[in-house]
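The values are calculated or read from the model by the stated rules, or taken from the named source; none is laboratory data. The model shown is predicted, which means the values in this text are computed figures rather than measured ones. Using ideal geometry, Cβ is built from the backbone for each residue, glycine included, and neighbour counts are taken over all protein chains shown. When the accessible area is computed, the model is the full protein with side chains, heavy atoms only, and any ligands, DNA or RNA have been set aside. Shrake-Rupley method; radii C 1.70, N 1.55, O 1.52, S 1.80 Å.
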Amino acid sequence: MNIPNLDLHAQHVNLKPELIAAFERVLQDSSFVLGKEVSAFETEFAQYLGVDNVIGVSSGTAALHIALQALGVGEGDEVIVPAMTFYATAEAVILAGGTPVFVDIDRSTWCIDPNQIEQAITSKTVGILPVHLLGLPADMEKIHGIAVNYNLWVLEDCAHSPGSTFHGKKTGALGNTAAFSLYPGKNLGALGEAGAIATNDNDVAERCRKYRDHGSTEKFVHDLIGQNARMDGLQAAFLRVKLPYLDNWNDARLKIAAIYREELSQFDLALQKIPDGYKSNYHVFAVTYEKRDELFASLKSNGVNANMHYPIPLHMHPGFEFLGYQSGNFPITESYASKTLSLPLFPEMNEEQVKYVVDSLRNF
């Protein structure tokens, strides 16, 4: 049996009539960039998240970059970032003119450790950029408290977490601003590149709208230096098809994750801790294991396509060498990166497939 890490075909084949209808609607209207499909998606996603504003953009990286610009990040500003996340989180800080300052992750949740944030704050710190890693919300209560004490903003990286909740409130509505990746492999994914920014701050929202479109919200009038990061009408239409299914898909992931958690409790594997009041959308189901590479090879030989999120900590990437970090600076992050393995998990996964993954682990 061959088990993919993610099966997008299984999702899209069920939605094919709706996706084709969305395509034909956009084709008929010829509204390919921004336009009414984007506006409608922004309204619907804002209602889903419980925020005042959503701004559709061209990618998750653009969402981070533009949100940071709109929050005022510039040369000399420092932004606190977890050492364990995708490269783009810190890359966007640099693109905006700032400097990422890395902090280690919590040993049990694998999200940024709020107990280590204060020691990273300097007179140059302007904000905190927590990542809801693998779909689990970061400890936003502690992070918000620190931000208030030091007069900092909080920008949520929600690339993994659409639909996840922290004490009943959705990620994306927990900080000053939030950035979403809507890449095809995400829980809410377009059929190409797309991203979104969420905020209750109307001034930040207006700046985001300008930054995504060459500094303009009025034709031929450009108020600042922006970029071309507009959302495609087609992607917005596809996202509108998918959004009503998101909670059901997340619930299906939760059921699969519950089976994994029960079955894997007998193995020498460490799992991400889900604290009381937190709900993960299980974008990724990760385990850590001392002999990760051997396990990875064994699963692959049995047709189980595992993955890794992420095998290289941010401070160890060649692209960030200039920041001056060294191996050993963030021991929990480095340990996690050397041991993490992501098991197949997608909403359409059936019991036979889940059992096969578990049996492959048992055989190893």
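Based on this model, can you work out whether residue 360 counts as part of a strand (DSSP E or B), touching a strand residue (DSSP E or B) at 6+ places or on another chain (Cβ under 7 Å) and buried (at least 18 other Cβ atoms within 10 Å of the Cβ)?
Working: part of a strand (DSSP E or B): no; touching a strand residue (DSSP E or B) at 6+ places or on another chain (Cβ under 7 Å): yes; buried (at least 18 other Cβ atoms within 10 Å of the Cβ): yes.
No; evaluated as a whole, the condition is false for this residue.
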When you scan segment 199-217, do you find a residue that is open to solvent by 50 Å² or more (accessible area, probe 1.4 Å), within 23 Å of residue 346 (Cβ to Cβ) and hydroxyl-bearing (Ser, Thr, Tyr), even just one? no
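If you take just the helices (runs of 4 or more DSSP H) that sit entirely in segment 1-107, which of them hold at least 1 residues that are at pLDDT below 95? Before the answer, list the steps.
On the way: elements: 8-29, 35-49, 60-70, 87-95.
Counting at least 1 such residues, we get 8-29, 35-49.
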Of all residues in segment 297-339, count the ones that are farther than 16 Å from residue 111 by Cβ and of a type in the set (Phe, Trp, Tyr). 3
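Condition check ((1) open to solvent by less than 20 Å² (accessible area, probe 1.4 Å); (2) of a type outside the set (D, E, K, R)) across all residues:
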{"position": "296", "(1), (2)": "no, yes"}
{"position": "300", "(1), (2)": "no, no"}
{"position": "313", "(1), (2)": "yes, yes"}
{"position": "337", "(1), (2)": "yes, yes"}
{"position": "352", "(1), (2)": "no, no"}
Please go through segment 184-198 and give me each residue that is open to solvent by less than 10 Å² (accessible area, probe 1.4 Å) and either free of Cβ contacts under 8 Å to residues at least 24 places away in the same chain or not polar (S, T, N, Q) (or both), ordered by number. 188, 189, 190, 194, 195, 196, 197, 198
Out of the residues in segment 126-183 that are assigned to a strand (DSSP E or B), in contact with a helix residue (DSSP H, G or I) (Cβ under 8 Å, 6 or more places away or on another chain) and among the hydroxyl-bearing types (Ser, Thr, Tyr), state the one that is least open to solvent (accessible area, probe 1.4 Å). 177
Any chance residue 86 is under 21 Å from residue 193 (Cα atoms), out of contact with any His (no Cβ under 7 Å at 6 or more places or on another chain) and open to solvent by less than 10 Å² (accessible area, probe 1.4 Å): no
Report the residue count in segment 89-102 for those that are of a type in the set (Val, Ile, Thr), touching a residue at least 60 places away in the same chain (Cβ under 8 Å) and more than 18 Å from residue 309 (Cβ to Cβ). 1
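Would you be able to say whether some residue in segment 199-208 is touching a residue at least 24 places away in the same chain (Cβ under 8 Å), of a type in the set (Gly, Ala, Ser) and touching a helix residue (DSSP H, G or I) at 6+ places or on another chain (Cβ under 9 Å)?
Yes, there is a match, as at least one residue in segment 199-208 is touching a residue at least 24 places away in the same chain (Cβ under 8 Å), of a type in the set (Gly, Ala, Ser) and touching a helix residue (DSSP H, G or I) at 6+ places or on another chain (Cβ under 9 Å).
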Which of the residues that make up segment 41-75 are over 23 Å from residue 226 (Cβ atoms) and either open to solvent by less than 20 Å² (accessible area, probe 1.4 Å) or out of contact with any Pro (no Cβ under 9 Å at 6 or more places or on another chain) (or both)? 47, 49, 50
Which one of 224, 239 is touching a residue at least 40 places away in the same chain (Cβ under 8 Å) and either touching a helix residue (DSSP H, G or I) at 6+ places or on another chain (Cβ under 7 Å) or surrounded by 14 or more Cβ atoms within 10 Å (Cβ to Cβ) (or both)? 239
Based on what the data block shows, is residue 80 farther than 24 Å from residue 235 by Cα, without any contact (Cβ under 8 Å) to a residue 40 or more places away in the chain and open to solvent by less than 10 Å² (accessible area, probe 1.4 Å)? no
Residues 263, 290: which one is touching a helix residue (DSSP H, G or I) at 6+ places or on another chain (Cβ under 8 Å), open to solvent by 50 Å² or more (accessible area, probe 1.4 Å), of a type in the set (D, E, K, R) and in a helix (DSSP H, G or I)? 263
